[in-house]
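The values are calculated or read from the model by the stated rules, or taken from the named source; none is laboratory data. Just so we're clear, the structure is a prediction, and the values are computed from it rather than from any experiment. Heads up, the Cβs are rebuilt from the backbone with ideal geometry, glycines too, and the neighbour counts pull from every protein chain shown.
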Amino acid sequence: MRQHLRPESGTAIPAVPLTPAVSDPADVEREAGLARLFEVHYSSMLRLAVLLGADDPENVVAEAYYQIYRKWRRLRDTEAAEAYLRSTVCNLTRMRIRHLQVVRRHVEKPADELVASAESTAILRDDQRVLMDALQQLPPRQREALVLRHWLGLKESEIAAAMGISCGSVKTHTSRGLAALTQAMEARR
């Protein structure tokens, strides 16, 4: 154990570790697994939250990681952690948007006061802004289906699991969303 000297007397005192010792192997495995998940998927989960319309994507992603941390021991397959994380980000974003809609109904603010966060602006390039504006005008389910399909490249079954709907509904939302996006993009030209 490291020791420090007391300045006034020169006697040694034991150093207190900055982090508590993790002795349970399950805790060690959880910490390592979550660290790997964070390294590999944090930026993609942040972008997913931005594309789904979260006004505070960092908080949404942080909450998703917290939830998976709490439920790590109950995961049947730790390889499915990415899918669980993605689904959690989608659900938290949807809940956040619903909450904000209720709040905005009760607090009247001019629409021009709503400004995208600096993080959202930094992630997007200028040539994507027109597409993002059109994407934000879509109904939430259509936007989610399109983002999960075309940005993450998920299969219909994976999208259905993430959104909690059937594969047929995924096809419907994707088709309608693409049609609306096409129409909006053509109208802006």
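Kindly indicate whether any position in the stretch 105-112 is among the small types (G, A, S) and exposed (fewer than 12 other Cβ atoms within 10 Å of the Cβ). Within the stretch 105-112 (the criterion being among the small types (G, A, S) and exposed (fewer than 12 other Cβ atoms within 10 Å of the Cβ)), the answer is yes, since at least one residue qualifies.
Could you run through the stretch 152-181 and say how many residues are β-branched (V, I, T) and closer than 16 Å to L51 by Cβ? Adding up the residues that qualify gives 2.
Among the residues of the stretch 23-70, those that are among the small types (G, A, S), without any contact (Cβ under 8 Å) to a residue 40 or more places away in the chain and either surrounded by 14 or more Cβ atoms within 10 Å (Cβ to Cβ) or over 30 Å from D133 (Cβ atoms) (or both) comprise S23, A32, A35, A62, A64. On the basis of being at pLDDT below 90 and in a helix (DSSP H, G or I), does R94 make the cut? So R94 does not fit the description; no. Each residue in the stretch 133-189 was checked for being part of a helix (DSSP H, G or I), of a type outside the set (D, E) and in contact (Cβ under 8 Å) with a residue 40 or more places away in the chain, and 17 pass.
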